[in-house]
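In what follows, a single structure is set out as structure tokens and then discussed.
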Amino acid sequence: MEKALFEFMFSTGCRIGEIVSLEKNCINWSDRSAIVRGKGDKEREVYFNIRCDIWLKRYIDSRKDKDTAIIVTERYPHRMSIAQMRYVIKRISSRAGINKEIHPHQLRHSYATHLLNNGAPLEVIQSLMGHEKSETTRIYAQLSGRLRKEFYQKYF
């Protein structure tokens with residue numbers, strides 16, 4: 001469950017609330033995408049990578065419950081709450097030896113930065129993240145020092 005949750009959060013850039021409310025039937029396995037309901041009750045399509053696909057399928061196949069939620073609690077399976085998901089992410093980061101407070105929203109920042117550092121245009125990142133304003137996306141997507149220097153050398 002932890003690997004499925006972590007991979008889904010990082011490879012889709014979803015908000016924690018979007019994952020909490022996600023149903024299994026909203027997953028399109030053939031094109032590795034999902035329809036999530038974001039802020040303002042707006043739907044958008046998000047995409048996930050092959051590693052996420054593998055862990056998510058393993059997790060769902062291992063479950064014995066009939067709950068429609070994509071992620072459920074381990075004991076007495078039912079839809080996991082936002083607080084429970086936050087706890088799972090903290091547990092993962094603690095085991096990984098990360099010595100600072102990790103929040104699920106940081107995975108969303110990492111998603112945007114990863115896309116930007118790999119050359120994705122800001123407008124594409126904005127659309128993938130479900131932002132109405134490009135200013136919001138700019139807050140998330142911070143260029144790394146290495147990439148900024150490369151762009152400087154390329155364009156100046």
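Put simply, when 42-53, 88-99, 15-26 are sorted by average Cβ atoms within 10 angstrom per residue, most first, you get 15-26, 42-53, 88-99.
The modelled label-to-label distance between E101 and I60, using points 7 Å beyond Cα along the C-beta direction, is 3.5 nm.
Rg ratio for the stretch 103-156: its Cα radius of gyration over 2.2 N^0.38 Å, N being its residue count, equals 1.15.
Bear in mind these aren't lab numbers, they're just calculated from the coordinates by the rules spelled out. It should be emphasised that the depicted structure is a prediction, and the values quoted were computed from it without experimental measurement. Ideal geometry is used to build each Cβ from the backbone, glycine not excepted, and the neighbour counts take in all protein chains shown.
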